[in-house]
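A.B. asks: Shown below is the structure under consideration.
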Amino acid sequence: MPLRPDEVETIAHLARLSIDQSLIPEYARDLSAILALVEKMNTVNTDGVEPMVNPLEAVQRLRPDVVTEGDQREAFLAIAPAVEDGLYLVPRVIE
Amino acid sequence: MHDKTIAELSAALAARELSAVELTQALLDRIEAHNGTLNAFITVTAEQALEQARRADERIAKGEAGALTGIPIAHKDNFCTAGVLTTCASRMLHNFVPPYDATVVARLEEAGVVMLGKTNMDEFAMGSSNETSYYGPVKNPWDTERVPGGSSGGSAAAVAAGLVPGATATDTGGSVRQPAAFCGVSGLKPTYGRVSRYGIVAFASSLDQASVIARSAEDLALLLQAMAGFDERDSTCVDLAVPDYRAGLEQPLDGVRIGLPREYFQDGVEPELAKVIEAAVEEYRRLGAEIKEVSLPHNALAVAAYHVIAPAEASSNLARFDGVRYGYRCENPRDLEDLYMRSRGEGFGTEVKRRLLIGTRALLAEYYQDAFLKAQKIRRLIHNDFIEAFKQVDVLLGPTTGAPAFRLGEKSADPVQMYLTDVFTIAANLAGLPALSLPAGQVDGLPVGMQLIGRHFDEARLLNLAHRFQQATDWHTVRPQNFE
C-alpha cells in the first residue's frame, strides 16, 4: 500500500521531524518501497504464534529503588545547547 | 608491526622487543598517512593515546601487564567515551562530548588498551555501506572506489588497512559481520546480552549487541574476554559466567556437526562467491567436521520483519534527541515544537529520518497489529527455525553476504536494495544468536566472508571453528595491496 504525501507529513509531525516540503514526494516514494518489502510478511500465516519481544525470552530485571548515582548536574548542564541559572533553556511555552 | 595480530604484539610487548609508546606512535603515523584516503576515523586521540601507552609501558615494566596491556585499539563512534567526542556519525551529535564511558570502553581501558580514536560509521548505525555518515563515506582499503560495508565500516577498514589491530563495533542486523566480510577481517557479534551495552548509543534495543573486529579469531577471543560479562547498568545484560575463550581455540573439530542452511546457498549468492564458501566447507570436512544440510524456512522473511522491528525501536530510542539537553539545536526556534521539529529534521540525515518515519508508522494504533506485532510473530518463527536446526547440528555455516563489496553510490539511491544486502546476517540478530564472519577467500581480488552462527552463548565454539580454519588456511593474513 503506497504512502501518500499527506500521510508522510502526518507521520513526520508525529515523529517531530521537519521535512522540506520539496522532498516529501521522494520520501513518499522511498517509504512506499520499504512498505512493499515489509508486506512480504503477509505471505505467512502467523495465527496463534506468540509475538517474540526478547530473543532470550528474558524479562526485565528489577533493582531496589535506591539512589546509586551521585549528583552530576554540572556535567550534564555543561553539554546542553542553552542553559541559564542551572536550568535548560527552551522557547517560551506559556504565553 | 602494523600487520601483526594482537596476540603477536602482546608477546612482543611482554618480551620488551617493542614498547607500547613505539607501537602507538607507529600506528598514529599510519593513521596520519592513510586516513585522508580512507576516512576511517572521525576523531584521533593522539595525545591521550600516547599517555595511555606510557602508563601501559609502566605496567609492563612492573610485571602487571595482561594480554591487552599496551595494545592500540579504536572504538566505533557510538561508544560513549568520557571527554572524547562521540558523534554516532550524525550532525545531531556533532558536538556531543559524553560525561561518562561505556562499560565496554571502561573494561578495555582497565585491561590496559590504548585508544587511538573513534571510527566512522553509518549515521546512528543505520546503513550497510557507511555512506550515511555525516562525515562522509569510509573507503574500502581493497578498492577505494568501493564501500567498506556498514555500519561499522570505519572499524573494519581501519583494521584491514593496518591502522589498528582491533576495534569495537556494534551489530543490530549485520553491522559488524558485513563490513568484516567486505574488508577481509574477522568480526564477531556475541549473543544478545553477552556484552554490556551501557553507554552505547541505542538503535534497536532488542537487537543491538556490542561487537568486535580484529585480524584473527584468537584476537577476537582476547578482546571478547575483556568485554564480556554481567553489568548491572544494562538491564538486558545476562548474568552468566564467561568461559576462557582462548583456552577453547585449539579444540579439534572431529565430529563437530556443521549445518549448511539450504536458504543461504540459493538466490542472491554470486556463483563465484558460493564456490569460495564451498571450498571452505571442504576445508572443514578435512579438519574432521561432519557436514549436513539443514533448512531455515522463514529466512526470506527476516529482512521484512527486521525493517519493522528495528525502525520501531529506533523511533522510540531516538525520541530522546530533542535539541534541549545535548546535541544539535536549530537556530532561532519559533516555539518549543519548532525547536523539536527543526533540531531533529536538521540534525538527522535522510536514512535516519526514513527509518524514524517507518518506525513511527509501525507503532500507530491502526498499524500496530499488522506491522509491529506481525513482525514479532515472524521473529518467533525465525527463532524457532534456528532451535530446530541446532537439534541436528552444532554450528551453521554460509556466506556472510551474497556478493563482495559493491561500488560507492551503487545502492545508495535505493534503500530497499541496500536493505537486501543484509539478507544472511539479520536473522541471527532476530534470534539473538552469536555469529562470526571470517575471510574465506577472494573473488576478483575482493575478500569474501564466511559466516558461522552458533547456539546462544556458544561464542567459544565459533571462535574455535574460526581459529582452526585460520590455522589451516591463510586468507586472514592477506592484506590489501596499497596498505601493506
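A.B. asks: Quick one: in region B:329-360, which of the residues that are open to solvent by less than 20 Å² (accessible area, probe 1.4 Å) and of a type in the set (K, R) is farthest from A:V83 (Cα to Cα)?
C.D. replies: The qualifying residue farthest from A:V83 (Cα to Cα) is B:R355.
A.B. asks: Ok, one more. In region B:424-459, how many residues are of a type in the set (A, V, I, L, M), out of contact with any strand residue (DSSP E or B) (no Cβ under 7 Å at 6 or more places or on another chain) and within 14 Å of chain A (Cβ to nearest Cβ)?
C.D. replies: 4
A.B. asks: Can you find a residue that is assigned to a strand (DSSP E or B), modelled with pLDDT of 95 or more and either surrounded by fewer than 20 Cβ atoms within 10 Å (Cβ to Cβ) or touching a Leu at 6+ places or on another chain (Cβ under 6 Å) (or both) anywhere in region B:225-242?
C.D. replies: Among the residues of region B:225-242, not one is assigned to a strand (DSSP E or B), modelled with pLDDT of 95 or more and either surrounded by fewer than 20 Cβ atoms within 10 Å (Cβ to Cβ) or touching a Leu at 6+ places or on another chain (Cβ under 6 Å) (or both), which makes the answer no.
A.B. asks: Give me the pairs, please: first residue somewhere in region B:1-19 and acidic (D, E), second residue anywhere and in a loop (DSSP other than H, G, I, E, B), beta-carbon distance under 7 Å, and either six or more positions apart or on two chains.
C.D. replies: Correct list of pairs: B:D3/B:G162; B:D3/B:R479.
A.B. asks: Next question, about the same structure. Just to be sure I understand, how many residues within region B:85-122 are of a type in the set (V, I, T) and either assigned to a strand (DSSP E or B) or not assigned by TED's automatic domain parsing to the domain that holds B:K62 (or both)?
C.D. replies: 2
A.B. asks: For region B:364-415, how many residues are over 30 Å from B:I291 (Cβ atoms), in a helix (DSSP H, G or I) and open to solvent by 20 Å² or more (accessible area, probe 1.4 Å)?
C.D. replies: Residues meeting the conditions: 10.
A.B. asks: Here is a follow-up. Considering only residues that are in contact with a Lys or Arg (Cβ under 9 Å, 6 or more places away or on another chain) and more than 9 Å from chain A (Cβ to nearest Cβ), which ones fall in region B:319-331?
C.D. replies: B:F321, B:E331
A.B. asks: Has region B:433-452 got at least one residue that is open to solvent by less than 30 Å² (accessible area, probe 1.4 Å), at pLDDT 95 or above, part of a helix (DSSP H, G or I) and of a type in the set (A, V, I, L, M)?
C.D. replies: Within region B:433-452, none of the residues are open to solvent by less than 30 Å² (accessible area, probe 1.4 Å), at pLDDT 95 or above, part of a helix (DSSP H, G or I) and of a type in the set (A, V, I, L, M).
A.B. asks: Still on this structure: Among (1) assigned to a helix (DSSP H, G or I); (2) outside the structural domain of B:G66 (by TED's automatic domain parsing), where does B:L23 come up short?
C.D. replies: With respect to (1) assigned to a helix (DSSP H, G or I); (2) outside the structural domain of B:G66 (by TED's automatic domain parsing), B:L23 is out only on (2).
A.B. asks: Anything in region B:453-482 that is open to solvent by 10 Å² or more (accessible area, probe 1.4 Å) and closer than 23 Å to B:A40 by Cβ? List them, or say none.
C.D. replies: B:W475, B:H476, B:T477, B:V478, B:R479, B:Q481, B:N482
The values are calculated or read from the model by the stated rules, or taken from the named source; none is laboratory data. Since this is a predicted model, take the numbers as computed values, not measurements. Heads up, the Cβs are rebuilt from the backbone with ideal geometry, glycines too, and the neighbour counts pull from every protein chain shown. Ligands, DNA and RNA are excluded from the accessible area calculation, which covers all protein heavy atoms including side chains. Shrake-Rupley method; radii C 1.70, N 1.55, O 1.52, S 1.80 Å.
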